[in-house]
Amino acid sequence: PPRGRIPVWFGGNAEPVLRRAGELGDGWLPLRAPDEKARAMVGRVRSYALQAGRDPAELGFEARLELSRVPEAKWPDFVAGWRDLGATHLSLNTMGLGLATADEHARLLRSTLEELAPVARE
């Protein structure tokens with residue numbers, strides 16, 4: 001690993017997870033839409049980092065877009081919302097879409113990446 005150790009990221013939305021992510025973690029894996037509640041949660045993770053004497057700018061935030069749970073027309077809004085909240089990473093979940101092969105998953109990931117990359121970079 002680049003930092004000489006394995007990064008530790010915490011996932012979930014419970015308050016103890018937010019605290020651990022800020023105090024100890026390299027990042028947080030929010031499991032929710034980019035809404036005002038998420039904005040407040042990001043703020044709390046950063047606040048916990050400050051309270052622990054850490055630089056909150058060094059924390060990563062990886063949003064997870066579950067393609068089967070968010071209507072396709074809303075995918076750009078999801079990505080833009082998390083970008084605006086400070087997400088540093090984005091993962092795409094293709095489970096639950098009825099895809100039968102690894103190639104089908106890979107094709108969908110490639111096309112979705114092409115579609116969403118400009119939104120993520122704005």
Does region 62-76 contain at least one residue that is open to solvent by 30 Å² or more (accessible area, probe 1.4 Å), of a type in the set (Lys, Arg), touching a Leu at 6+ places or on another chain (Cβ under 7 Å) and in contact (Cβ under 8 Å) with a residue 12 or more places away in the chain?
yes
Has region 9-19 got any residue that is open to solvent by 80 Å² or more (accessible area, probe 1.4 Å), on the phi < 0 side of the Ramachandran plot and in contact (Cβ under 8 Å) with a residue 12 or more places away in the chain?
yes
Just wondering, is there one or more residues in region 94-116 that are under 17 Å from VAL8 (Cα atoms) and open to solvent by 60 Å² or more (accessible area, probe 1.4 Å)?
no
Residue pairs, Cβ under 8 Å, 6 or more apart or interchain, first in region 34-49 and closer than 14 Å to PHE10 by Cα, second among the polar types (S, T, N, Q) and not in a helix (DSSP H, G or I). List them.
MET41/ASN13
Tally up the residues in region 20-44 that are open to solvent by less than 10 Å² (accessible area, probe 1.4 Å) and under 21 Å from VAL70 (Cβ atoms), please.
5
Here is a check on your reading of the model: is ARG5 in contact with a strand residue (DSSP E or B) (Cβ under 9 Å, 6 or more places away or on another chain) and open to solvent by 70 Å² or more (accessible area, probe 1.4 Å)?
no
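The values are calculated or read from the model by the stated rules, or taken from the named source; none is laboratory data. These figures come from a predicted structure and were not determined experimentally. Here the Cβ is made from the backbone with ideal geometry for all residues, glycine too, and neighbour counts use every protein chain on show. These area figures cover heavy atoms from the full protein model, side chains too; ligands, DNA and RNA do not enter into them. Shrake-Rupley method; radii C 1.70, N 1.55, O 1.52, S 1.80 Å.
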